Each structure stands twice: as C-alpha cells, then as structure tokens.
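Undergrad: For reference, the structure I am asking about is given below.
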Amino acid sequence: MEKDALKQQVKEQIVKFLNLNTVSPADIKDDEPLFGEGLGLDSIDSIELIVMLSREYGINIQDPKEGRKILTSINTMADYIEQHRTK
Amino acid sequence: MYIHQHTCISPQQTNGLIQLEEISISADGKLLAKEPVLEGVPPAMLRRMSKAVRMGIGTGLPLLKNNVADGIIIGTANGGMEDCIIFLNQIVDYEEGLLAPAAFVQSTPNAIAGQLSLITKNRGYNATHVHNGLAFENALLDAQMLISGHSHKSYLVGGVDEISSYNYNIDCLAGWYSKIKTNKHLYTDKTPATIAGEGAAMFIVNGSPVNALAQIKAVSLFHSTDPGTVVGRFKDFIAEWAPVADNTIFLSGENGDLRQTPLYESCEEVFGSAIPVARFKHVTGEYPTASSFALWLACYALKEQNLPPHFYKNEHNLSQVDRIIIYNQYQGMQHSFIFVTQ
C-alpha cells in the first residue's frame, strides 16, 4: 500500500474507532500531535489506538514508552505500521 | 419526601422551554428522545457516552449545578445497552482477544451515576437500581429511606432508559412492540403491543417542605400477573393514602397494548367517574423507567394546575390540581403506584 493511502486509512480508522463525531479524516494533519495539543486525544484513546493497531495490522505494542513514540502523529503511526504490520 | 427541582429529556419538548401542547409523532413504532446540547461536559467524555448516559448527564447535570446533593440515585433497566452489545460483539469478533475499554466502561448501568459524580466531583452516596420496570421506583424508595433517617439531606434521583436496537428487536419478537403502531392512534388501535420510547427525568428531593414543588406521599411496588391482585393492591393503596378524591388526577400508564389495557381500566373503575384520567405513553412511548416521566408530568401538572387536553382520557371539569395518583406497569408483571400532592 502506498504511504499516502496508508495514512488516509489510519485517519479514517482513528475517526471510527474513537468516535470523533466532529472531526473528519481530512481535518487530521499528518504531522500534528495526536495527544495533548492538536487532536486532543487522552490516555483512554491511547488504549483504543493500541487495540486498533493489534486488530487492524497485527501489531502488538508491549512497551508503553514505545507506544508513546508510535502514537505521536499520523506520520509516526504510518511509519511503524509500514515496518511492522503482520496483516 | 419533597421534590424541589426537576428536569426531563423525552421525545417531546420537555427540556429548557417546555412545550406539551403539540406533540411529536412516532416513526417506525419508536419515539426517540430529543437530546439537548450538553454544556459543561469535556468533548472527550461526550464522544464516548451512549445515549442513555448523555440523557442522564443532560438531566442530572443542571440540577447538580444548582443544588448541593448528598448523593446520586439512578434507576435504569438497561443503562447503555447499545454500547453493551457493541462490547459483546467485539468479544465474539476478536475471539476474546484484546478489547477496547470505552464501550464496556460506558455500557454498565452505573455509568450514568458514575459520570455525574465524576463531572461534578460529587463524592457522596452513589447508587444505581436496575430492577427493570421498577428501577426508578426502587431509586425513589432508596431516597425515601435515606431521607427518613436524615431529613436535611438532599439527593438527586432519576430514571433513565434508551431504546437499544438489540433490546428493541427482542421485544418486537416477543410481541411487546409494534413497528406499525403510532402514538397518534395509540389508544384507539385495539391491538396487542405498543410503541417504544426512551427518556430521562431527574429530581432533587429532600425532607423539607419549604418551597417544594410537590410531595411524594407514598410509593408502592410489586410483582404480579394477576389482575385481581393488582386491583386489590390499588384499592388498599387508595384507602391508606388517598381516600379524598377532590382535585385529583389519576395518571395512567396505559400504553395501547390491548392485553394490558384492562389492568389500567380496572384501576380507573375504582374511582368511578369521580376523578379525571390522564395518560402519557402517547408522548413518551413505553420503556422500563417511564414512571419517572409520569412523576415529572405530575409535578408539571401541580405547578401549572392543569395538563394540555390531549393527556385526558375523557372530558373533565377539573379546575384545580392538588393530588395525582400514578399507576404504571411494565410488561404485565411489574406494577407501581405513586401518590403525589402539592
């Protein structure tokens, strides 16, 4: 899958999994922070995203520190998914 | 026990500016609650909430902001059932593997009282009653017992239930709901089944009569499938609590289900034609905690000293409302009487 197509897919999955009713995938910028500023996600969302990575891409994140880096932005998520996906 | 404030979210305009003269018409056998915009709720919290939780927050939060409550007591038969089914489906779909927490957290019945507590930092008594069609009445009894020991304490008491697609389909298959009935002809369409509804009504209650909107004089609840037992219990209730019939409305939970109408009619006959009968299921639909709407409507009638004409079953010459007797039952099994006065 092309990287841009993967990023678009991840954005759509984030909107769906986190029930972001007021946000469309197009509103999420590739390099903006997902947590705190930017999209404003919180710790419960991080668990939802870890579950999402496991279900959709077969990626199991064990180390919380590693998870924090992976979930920084759409760019970091797409990079990690591209390298580690098993499905 | 005295009611000092109340709020209501229902399929009608009962939140904010109340308008009960014209009513919304049901669609596909359902009356869906009109949700207000929730202010003061963090967006991240809001997007995870099921409709039941949103309705509970929408009714409870304004009361908790304006009153000091010593506890929160909620009655709900199903809580956020829609989210519960989402969670159960995830267990199946992902073969009991890694599960996301939000749907589970929001689906438990006590999520409503819990979220109200978290948002308002109310760390007092927090209880949720889940006795299906008597959940709200049990919440009332809980508050009554707490207040009888400590009359100076105030509590938020409420009833909440949503229409979940899963429960609705099961209830349709069981013959409780009809997809072709409408609230327009609910009482004249002489067939089994009724229409589904949902809503939330909350009350601030305490033991002080000062500036109270209404007094809950008595609550009685029981299980029975025997019509004779229901009428017998009703006669006993009236004899004990409401022997005077002046300026009284009998607020009936009649729901258009041919099988259950005789239960309501036999209680009406206890009064003969002495007091007017009002009905409310054409504005709410049927749901397990619909009696919370009935109590809200009773408070409204006591304040306004009347109800719009469409609520009344027959013509009446009532010019003053001092007392309201509520009878509601759920699925022919769970019955309750509530006596409310000025």
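Undergrad: Got a sec? How would B:Leu251, B:Leu64 order by Cβ neighbour count within 10 Å, fewest to most?
TA: So the residues, fewest neighbours to most, are B:Leu64, B:Leu251.
Undergrad: Same structure, new question: Cut-off 11 Å, label point 7 angstrom out along Cα-to-Cβ of A:Gln9: give me the residues of segment A:42-78 whose amide nitrogen falls inside.
TA: Answer for this model: A:56-58.
Undergrad: Determine the shape class of segment B:136-212: with a ≥ b ≥ c the square roots of the Cα gyration tensor eigenvalues, call it rounded for a/c under 1.5, and otherwise prolate if a/b is greater than b/c, oblate otherwise.
TA: Here segment B:136-212 falls in the prolate category.
Undergrad: Using a Gaussian network model of chain B whose springs link C-alpha atoms within less than 10 Å, name the residue from B:Ser291, B:Ser319, B:Ser151 with the highest mean-square fluctuation.
TA: Ranking B:Ser291, B:Ser319, B:Ser151 by mean-square fluctuation puts B:Ser319 first.
Undergrad: What FRET efficiency would be calculated for the residue pair B:Leu99, A:Asn21, taking the C-beta separation as r and a Förster radius of 30 Å, to the nearest 0.05?
TA: Working from the Cβ atoms, E equals 0.85.
Undergrad: Given R₀ = 51 Å, what would the calculated FRET efficiency be for B:Lys235 paired with A:Asp31, taking r from the Cβ atoms and rounding to 0.05?
TA: Once rounded, the FRET efficiency stands at 0.10.
Undergrad: With a 10 Å Cβ neighbour count serving as the proxy for reagent exposure, in which order, fewest first, do B:Val41, B:Val277 appear?
TA: Ordered from fewest to most neighbouring Cβ atoms within 10 Å, B:Val41, B:Val277 come out as B:Val41, B:Val277.
Undergrad: With θ taken as phi - 60° and the coefficients 6.51, -1.76 and 1.60, list the Karplus ³J(HN,Hα) couplings across segment B:93-107 in order, rounded to whole Hz; mark glycine and proline as x.
TA: Working through the residues one at a time gives 4, 9, 6, 6, x, 5, 10, 6, x, 4, 4, 5, 4, 7, 8 Hz.
Undergrad: Which of B:Arg323, B:Arg47, B:Arg123, A:Arg55 comes first, and how do the rest follow, when ranked by fewest Cβ neighbours within 10 Å?
TA: B:Arg123, B:Arg47, A:Arg55, B:Arg323
Undergrad: What's the extension gain from B:Ile91 to B:Ser165 if we count 0.36 nm per residue and subtract their Cα-Cα distance?
TA: 24.8 nm
Undergrad: Could you give each residue of segment B:185-191 its phi-based ³J(HN,Hα) in whole Hz, using Karplus coefficients 6.51, -1.76, 1.60 with θ = phi - 60°, and x for Gly or Pro?
TA: Each residue's phi maps through the Karplus curve to give 10, 4, 8, 9, 7, 7, 9 Hz.
Undergrad: Suppose R0 equals 22 Å. What FRET efficiency, 1/(1 + (r/R0)^6) with r the Cβ-Cβ distance, do B:Val37 and A:Ile44 give to the nearest 0.05?
TA: 0.45
Undergrad: Does a label point 7 Å from the Cα of B:Cys172, set along Cα-to-beta-carbon, have any residues of segment B:184-208 with amide nitrogen under 14 Å, and which are they?
TA: Correct set: B:194-197.
Undergrad: A follow-up question, please. By how many nm would the segment from B:Glu315 to B:Asp246 lengthen if fully extended, with 0.36 nm per residue of separation less the alpha-carbon distance?
TA: Contour length minus the Cα-Cα distance gives 23.2 nm.
Undergrad: Beyond a 29 Å Cα-Cα separation, which of these cross-linked pairs lie in this structure: A:Lys16/B:Lys65; B:Lys65/B:Lys313; A:Lys16/B:Lys281; A:Lys65/A:Lys87?
TA: Pairs exceeding the cut-off: A:Lys16/B:Lys65; B:Lys65/B:Lys313; A:Lys16/B:Lys281.
Since every read-out is calculated from the coordinates, none of them should be taken as a lab result. Remember, it's a predicted structure, so these values are computed and weren't measured experimentally. Cβ: placed from backbone, ideal geometry, glycine included. Neighbour counts: every protein chain shown.
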